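Trainee: Can you read through this structure? Questions will come right after.
The values are calculated or read from the model by the stated rules, or taken from the named source; none is laboratory data. Worth saying up front: this structure is predicted, and the values here are computed from it rather than measured. Backbone-built Cβ (ideal geometry, glycine too); neighbour counts: all protein chains shown. Each accessible area value is taken on the protein alone, full model and side chains, heavy atoms only, with ligands, DNA and RNA left out. Shrake-Rupley method; radii C 1.70, N 1.55, O 1.52, S 1.80 Å.
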Amino acid sequence: MIMNWIADGDIVIVEMSSIINREIELQTAVSKLQKFIEDEIKGTVFGLGHNRLLLLPPDYGSKNIESNPN
């Protein structure tokens, strides 16, 4: 479901505290998210503190807005 949200262009914050002490599960989850988001759809994964991840879709912040100096 998270991957669908990102692929649809949504920004997602994931709370990882439920698996933070289970190292292998945490590494597996983060690795899968990074592979999909960063490698496959060219989005971005950021750590937010110790327990959260910020997942950004590929088009976040990439749109150029033309300013009218008038």
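Trainee: Accessible area, 1.4 Å probe, largest first: how do 8, 59 sort?
Mentor: Output order, biggest surface exposure first: 8, 59.
Trainee: Set the Förster radius R0 to 35 Å, insert the Cβ-Cβ distance between residue 22 and residue 59 as r into 1/(1 + (r/R0)^6), and round the FRET efficiency to 0.05.
Mentor: Efficiency, from the Cβ-Cβ distance: 0.60.
Trainee: Turning to a different aspect of this structure: Give the distance, in whole Å, between the Cα centre of the range 35-53 and the Cα centre of the range 1-27.
Mentor: That distance is 9 Å.
Trainee: Spelling out what I want: for every residue of the range 45-56, take phi, set θ = phi - 60°, compute 6.51 cos²θ - 1.76 cosθ + 1.60 (Karplus), and round to whole Hz; glycine and proline get x.
Mentor: 10, 10, x, 10, x, 8, 10, 10, 10, 9, 10, 10
Trainee: For Cα pairs less than 8 Å apart in space and 6+ apart in sequence, what is the mean separation divided by the residue count of the chain, i.e. the relative contact order in percent?
Mentor: Worked out over the chain, it gives 37 percent.
Trainee: Taking the structure as given and computing Cα Rg over 2.2 N^0.38 Å, which label from [x] 1.34; [y] 1.08; [z] 1.71 fits?
Mentor: [x]
Trainee: First measure r as the distance between the Cβ atoms of residue 8 and residue 51, then evaluate 1/(1 + (r/R0)^6) with R0 = 30 Å and state the FRET efficiency to the nearest 0.05.
Mentor: FRET efficiency, residue 8 to residue 51: 0.75.
Trainee: How much accessible surface does residue 56 have with a 1.4 Å probe, in Å² rounded to 10?
Mentor: 20
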